[in-house]
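Colleague: There's a structure below that I have some questions on.
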Amino acid sequence: MDSSASNYTAQTVSAKLSYESPDGNAASSDSIYLEVVMVVKSALDHRPTTAPGSIQFEVKKPEWGDDTPTLEPATDYYTAEQVNAKGEGQGAGVRATLGTLAADTPYYVTFVADTNADRDFNGSKLCGYPDPSPKCIPLEKPKPAAS
């Protein structure tokens, strides 16, 4: 369940559907937000790396064809200590476009996509976007949105 790029690895932690984005925006009447929490860390042995600011994933399923939602980072990168302190990340996380991921340290980041509310995610997978990775990450069935 790992997706590897040249300088980091990413693994899914959880997935859920929500009627509100992490920054508080409400979904339109026919859409819903897919939120995927991932753990990302440097793949360079005992060396830091730049946070993958441009990382995106496409949620793919054969029957969807080209109609695929694209997940983008919706939060900073937070260490486990920051996440455990507040539940969502406390203090300043590592900025996706400016920061450095410390060596040997996992960071948590939430990716989000606005998608069709009727979409069935069973059997879907996350693939690199816009350049598809040869390795895709299976997406667990998202927890349903709370009413």
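Colleague: Taking 25 Å as R0, compute the FRET efficiency from the Cβ-Cβ separation of ASP67 and ASN122 and round it to 0.05.
Modeller: Efficiency for this residue pair is about 0.95.
Colleague: Moving to a separate point now. Suppose accessible area is computed on protein heavy atoms with a 1.4 Å probe; arrange CYS127, CYS136 from highest to lowest.
Modeller: Result of the area sort, largest leading: CYS136, CYS127.
Colleague: State the extension gain, in nm to one decimal, for the chain segment bounded by GLU81 and LYS141, taking 0.36 nm per residue of separation less the distance between their alpha-carbons.
Modeller: So the chain would gain 18.9 nm between GLU81 and LYS141.
Colleague: If Lys and Arg each add +1 and Asp and Glu each add -1, what is the summed charge of the other residues whose beta carbon sits under 12 Å from the beta carbon of SER18?
Modeller: With Lys, Arg at +1 and Asp, Glu at -1, the net is -2.
Colleague: Along Cα→Cβ, 7 Å out, is where each label goes; now give me the distance between the ones at ASP45 and ASP30 in nm to one decimal.
Modeller: Calculated label separation equals 5.4 nm.
Colleague: Further, regarding this structure: How long are the three semi-axes of the equivalent ellipsoid for the stretch 14-64, computed from the Cα gyration tensor as the root of 5 times each eigenvalue, in whole Å, largest first?
Modeller: 29, 15, 9
Colleague: In a shell of Cβ-Cβ distance under 11 Å around GLU140, excluding GLU140 itself, what net charge do Lys and Arg (+1) and Asp and Glu (-1) give?
Modeller: Value of the local net charge: +4.
Colleague: With a Förster radius of 41 Å, plug the Cβ-Cβ distance of ASP104 and GLU20 into 1/(1 + (r/R0)^6) and report the FRET value to the nearest 0.05.
Modeller: 0.75
The values are calculated or read from the model by the stated rules, or taken from the named source; none is laboratory data. Not measured: the values here are computed from a predicted model. Note: ideal-geometry Cβ built from the backbone for every residue, glycine included; neighbour counts use all protein chains shown. To get the accessible areas, we keep the full protein, side chains included, count just its heavy atoms, and leave off ligands, DNA and RNA. Shrake-Rupley method; radii C 1.70, N 1.55, O 1.52, S 1.80 Å.
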